[in-house]
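**Student:** My questions will all concern the structure given below.
The values are calculated or read from the model by the stated rules, or taken from the named source; none is laboratory data. Computed from a prediction, not measured in an experiment: that's the story for all the values here. We place every Cβ from the backbone using ideal geometry, glycine too, and count neighbours over all the protein chains shown.
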Amino acid sequence: MKRIQNKIIIGLITLLAFGCSDTKNKASVNTEIDHRIKISKNQFAENGMTFTQMETKTFPVKVKVNGMIHVPPEHKADISSPMGGYIRKAPLIEGDIVKKGTFLVTLENPEFVTLQQNYMESKAQLSYLKAEYERHKIMRDENVISEKSFIKAQSDYNSIKAKYNGLKKQLQLLNISIGALESGKMTSTVNMYSPINGSVTKVNVNKGSYVSPATSILEIVDNTHIHVELSVFEKDILKIKKGQKITFSIPEASKQTYEAQVHLVGTMIEDNRTIKVHGHLLDDTVRFLPGMFVDADIITDAKSSKAILSNAIVEEDGKQIVLVLDEETKTDYYFTKKKIEIDNVSNGYSSLKQHTILKQGDKILNDGAFGLIGI
């Protein structure tokens, strides 16, 4: 009887052992399958999913820089007066468009009248002293007067002539009409006009305010000649050459990418160890504003690299992931997550670093990975 009981016990133990072993094997298989992502072929087709594979693509070699939209000095004007005065008219506001010669402001100052009086007096003296000089010259040639008397007359004439020309130039700088003045019309006001085409970007005065010759009254900028001015670090400057392509964006305004071309490379290193690079825009229809901050890439070379479509890459926990086909059945696809690292992105493709674990011929899920990655 005891033998029979022992055989039964041994048999039960054996069955339990096999059962446990089988359970472990099943758990191992389930664990492996749980790490994969399954999707039926019907779902794959209904969601417009596609496969892609690694390809060899040419990628630009870039130098990352930043800078600003800038205007050449020739196309930017700070308006100030050669003499001080009070603002009597200031009709323009920021944003107004002006043409070269457009009226800007009117200044008033009693000293303008004094300047015109001095001019008229010097003009009268000039006529008299010129006649005296010519008379003395004739008498010297006839040995009627001494050389000393002639030199004195010549000196007086040249002195008043210099004063006359100087006063005339000052009046012209103030836009005071010489013709009107010589006809007897004096004025205590002067008008100032725009020296360039452009738009008003700053108005620094109000009606009635006093401005000195050092005061900037208005700023006018011609936006038709703007460019990008980039700061390139010293370590990269030898890679930069005239004619290279620049791609840039205005991060605060738009995600769109624009193009420019290296026109000038600076020859002096700034205090922050950068060199200025001047780029001409290739599209002059976009309304950029001076002072806009830009993120830019200067394309210095090109290289071939293994690449995949950027649409196939999904970010998960700060890592870049792709879904690679692991198994295909009659009804389903099974995908495995694989981590990759990329070097560069261009024209919808991402270049892969050399140590990538992807193999040539791997079928990679292109569209739809983002929706499956969390499963």
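**Student:** What is the one condition in (1) surrounded by 15 or more Cβ atoms within 10 Å (Cβ to Cβ); (2) β-branched (Val, Ile, Thr); (3) touching a residue at least 60 places away in the same chain (Cβ under 8 Å); (4) in contact with a Ser or Thr (Cβ under 8 Å, 6 or more places away or on another chain) that ILE298 does not satisfy?
**Tutor:** The failed condition is (4).
Yes or no, residue by residue, for (1) modelled with pLDDT of 90 or more; (2) on the phi > 0 side of the Ramachandran plot; (3) in a helix (DSSP H, G or I):
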| site | (1), (2), (3) |
| --- | --- |
| VAL61 | no, no, no |
| LYS64 | yes, no, no |
| GLU94 | yes, no, no |
| VAL105 | yes, no, no |
| VAL113 | yes, no, yes |
| ASN118 | yes, no, yes |
| LYS123 | yes, no, yes |
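**Student:** Given the structure, is ASN204 modelled with pLDDT of 90 or more, of a type in the set (S, T, N, Q) and buried (at least 18 other Cβ atoms within 10 Å of the Cβ)?
**Tutor:** no
**Student:** Picking from VAL286, VAL277, which residue would you name as being in contact (Cβ under 8 Å) with a residue 60 or more places away in the chain and either in contact with a helix residue (DSSP H, G or I) (Cβ under 7 Å, 6 or more places away or on another chain) or under 24 Å from ILE250 (Cα atoms) (or both)?
**Tutor:** Being in contact (Cβ under 8 Å) with a residue 60 or more places away in the chain and either in contact with a helix residue (DSSP H, G or I) (Cβ under 7 Å, 6 or more places away or on another chain) or under 24 Å from ILE250 (Cα atoms) (or both) holds for just one of VAL286, VAL277, which is VAL277.
**Student:** May I ask you to say which residue of GLN256, GLN261 is out of contact with any Asp or Glu (no Cβ under 6 Å at 6 or more places or on another chain), of a type outside the set (Phe, Trp, Tyr) and not in a loop (DSSP other than H, G, I, E, B)?
**Tutor:** Checking each option against the conditions leaves just GLN261.
**Student:** When you check ILE87 against the structure, is it in contact with a Phe, Trp or Tyr (Cβ under 7 Å, 6 or more places away or on another chain), in contact (Cβ under 8 Å) with a residue 40 or more places away in the chain and within 30 Å of VAL203 (Cβ to Cβ), yes or no?
**Tutor:** The answer is no for ILE87.
**Student:** How about the range 142-158: which of its residues are in a helix (DSSP H, G or I), surrounded by 14 or more Cβ atoms within 10 Å (Cβ to Cβ) and not acidic (Asp, Glu)?
**Tutor:** PHE150, LYS152, ALA153, GLN154, TYR157 - these are the residues of the range 142-158 that are in a helix (DSSP H, G or I), surrounded by 14 or more Cβ atoms within 10 Å (Cβ to Cβ) and not acidic (Asp, Glu).
**Student:** Could you pull out the residue among ILE220, ILE178, ILE240, ILE275 that is surrounded by 12 or more Cβ atoms within 10 Å (Cβ to Cβ), closer than 18 Å to PRO82 by Cβ and under 21 Å from the mean Cα position of the chain (by Cα)?
**Tutor:** The match here is ILE220.
**Student:** Restricting to the range 264-299, give me the number of residues that are out of contact with any Phe, Trp or Tyr (no Cβ under 7 Å at 6 or more places or on another chain), more than 27 Å from ASN344 (Cα to Cα) and either outside any strand (DSSP E or B) or not small (Gly, Ala, Ser) (or both).
**Tutor:** 13
**Student:** Now for a separate question. Just to be sure I understand, how many residues within the range 224-274 are within 20 Å of PRO72 (Cβ to Cβ), in contact (Cβ under 8 Å) with a residue 40 or more places away in the chain and charged (D, E, K, R)?
**Tutor:** Residues that pass the stated criteria total 1.
**Student:** Could you tell me whether any residue of the range 280-288 is surrounded by 15 or more Cβ atoms within 10 Å (Cβ to Cβ) and under 30 Å from PHE103 (Cβ atoms)?
**Tutor:** Yes.
**Student:** Oh, and also: Does at least one position in the range 43-63 carry a residue that is surrounded by 14 or more Cβ atoms within 10 Å (Cβ to Cβ) and of a type in the set (Asp, Glu)?
**Tutor:** No; the residues of the range 43-63 include none that is surrounded by 14 or more Cβ atoms within 10 Å (Cβ to Cβ) and of a type in the set (Asp, Glu).
**Student:** Go through SER209, SER231, SER310 for me and flag whichever is within 30 Å of LEU323 (Cα to Cα), polar (S, T, N, Q) and either at pLDDT below 90 or out of contact with any Pro (no Cβ under 7 Å at 6 or more places or on another chain) (or both).
**Tutor:** SER310 is the lone residue from the list that is within 30 Å of LEU323 (Cα to Cα), polar (S, T, N, Q) and either at pLDDT below 90 or out of contact with any Pro (no Cβ under 7 Å at 6 or more places or on another chain) (or both).
**Student:** Where in the range 161-232 are the strands (runs of 3 or more DSSP E), entirely inside, with at least 3 residues that are more than 30 Å from TYR133 (Cα to Cα) and among the β-branched types (Val, Ile, Thr)?
**Tutor:** 198-203
**Student:** Quick one: which of THR267, THR257, THR336 is within 30 Å of GLY67 (Cα to Cα) and in contact with a strand residue (DSSP E or B) (Cβ under 7 Å, 6 or more places away or on another chain)?
**Tutor:** THR257
**Student:** Within the range 243-253, take every residue that is buried (at least 16 other Cβ atoms within 10 Å of the Cβ) and not in a strand (DSSP E or B) and give me the one that is nearest to the chain's Cα centre (by Cα).
**Tutor:** ILE250
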